1. Which of the lysines could be linked to LYS300 by a straight reach, that is with a Cα gap under 19 Å, when you skip same-chain ones fewer than 8 residues away?
2. Calculate the radius of gyration of the Cα atoms of the range 137-342 to one decimal place, then report Dmax, the largest Cα-Cα distance, as a whole number, both in Å.
3. For the range 202-297, state the semi-axes of the equivalent ellipsoid (square roots of 5 times the eigenvalues of the alpha-carbon gyration tensor), sorted largest first and rounded to whole angstrom.
4. How far is helix 173-182 tilted off the main Cα axis of the chain, in degrees rounded to 10, range 0 to 90?
5. Please work out the C-alpha center-to-center distance from the range 141-202 to the range 263-277 and express it in whole Å.
6. Taking GluC sites (Glu not before Pro) as exposed when DSSP calls them loop (any state but H, G, I, E, B) and at most 12 other Cβ atoms lie within 10 Å, what is the longest stretch of the chain free of them, the sites themselves excluded?
7. Nearest 500 deg cm²/dmol is fine: what mean residue ellipticity at 222 nm does the chain get from its DSSP H runs of n ≥ 4 alone, each adding -39,500 (n - 2.57), divided by its residue count?
8. Would you grab the residues whose amide H sits under 5 Å from the one on HIS184? Only those 5+ places off in sequence or on another chain, please, with H modelled 1.01 Å from N.
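A short reminder: the numbers here are calculations on the coordinates, not readings from a lab. None of the values given here were measured: they were computed from a predicted structure. We place every Cβ from the backbone using ideal geometry, glycine too, and count neighbours over all the protein chains shown.
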Amino acid sequence: MTQQQSLPSIVTLTEIEEIVSTDSFALDLIDAIKKGFVSYSNGGFNACPIQTMGAPPMAPFSGRGNSNSSSDDDDDGNYQAQTCVKSGYVTGASHYVIKVASGGHPFPNNSGLMQLYSQSTGKLETILLDEGILTELRTAAVGALAAQLLAPSVLMTENNGDGCCVGMLGTGIQARYQLQYLAHVIKCRNVKVWGKTKENVSTFIKDMTAEGWNVSSVDTPQDLLTSCSLIVTTTSSREPLLKYNAADNSIKHPLHITCIGSDATGKMELDPKLAATADLLVADCSLQTAERGEFEDALKQQLVELDSVVELGKFIEREELHRKRDGKDDDCRLTIFDSSGVAVQDCVIAAMVNEALVQREMPL
């Protein structure tokens with residue numbers, strides 16, 4: 001006797017956007033991501049090995065973009081399509097999550113979905129057809145969390161004093177989401193941006209000015225190091241964009257750098273020597289940063305030791321390491337946070353969206 005097939009609930013991008021496009025969702029997500037990383041670093045989250053297809057060390061996919069690419073996230077004008085699969089589960093939660101995120105040509109051309117399976121039955125219950133937006137948002141949320149804990153105090157006021165400026169390296173989708181989420185945790189609204197083409201920079205300035213930011217451009221990435229108190233890097237570069245020169249003492253202090261772009265083997269946006277000079281290194285996953293994160297090259301060159309990298313969940317619990325903002329002597333450290341992306345972020349945001357859907361369906 002054939003049993004009747006039970007299909008999973010399929011949630012469209014439109015339905016998802018209705019849930020995630022509010023300020024309250026953003027604030028709740030930042031807080032939930034914070035709690036999620038504490039759980040992760042204390043053994044409460046189970047992350048499976050990451051699968052990356054179409055990028056080194058695996059062979060490339062057959063399709064390849066060309067110089068018509070429209071984003072600074074495309075580091076060489078020939079964007080290579082790739083797919084990343086991340087999965088895991090919170091011990092004792094109702095679901096485990098498998099996330100597939102893809103990008104191809106023409107860039108940006110994000111695609112993806114999140115699948116929620118019952119931990120008790122293994123049954124696929126919900127498919128979130130988010131087209132990659134949930135990955136973008138959970139990444140922006142961890143950037144905001146890092147700023148909340150490490151951004152210098154000058155960014156927490158509305159004045160236009162020296163250093164009250166955010167530096168943005170890149171003009172793509174994630175750069176925009178980073179600013180949108182930063183707006184929830186800092187008061188400074190001054191931005192300096194560097195991008196690969198004048199056209200991309202001009203469009204970015206126009207779009208983010210419309211969202212309430214005071215945006216201007218710089219000629220080189222180095223200009224951000226000399227004038228900004230917070231720098232966010234969002235490109236897919238495979239060579240250092242922010243350089244370090246021991247004879248150059250012009251790096252702004254205090255300074256925090258959040259590295260978003262390096263999420264696969266070989267990607268890098270910082271000179272490894274810059275990491276070696278930092279007073280504090282934090283990573284979403286200490287082991288992952290050595291394999292596919294911003295500190296990969298610094299570790300391989302033995303410029304820093306892995307045990308000197310503090311994992312985000314542990315860092316959150318160690319308040320003595322947080323940026324000091326007591327109004328007396330400002331904390332003048334150079335701090336760097338590496339976000340290579342951890343499945344706990346996907347599980348957190350998937351659970352939030354799923355719970356919102358359940359609440360909508362409940363009778364009043």
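1. Qualifying lysines at Cα under 19 Å: LYS243, LYS267, LYS273.
2. Expressed in Å, the Cα Rg and Dmax of the range 137-342 come to 15.5, 45.
3. Details: eigenvalues 112, 61, 30 Å².
Largest first, the range 202-297 gives 24, 18, 12 Å.
4. 80 degrees
5. 20 Å
6. Working: sites that count: GLU158, GLU211, GLU305.
No qualifying site falls inside 1-157, the longest such stretch.
7. On the way: 11 runs with 116 residues, N = 364.
For the chain, the value works out to -9500 deg cm²/dmol.
8. Under 5 Å from the amide H of HIS184: no residue qualifies.
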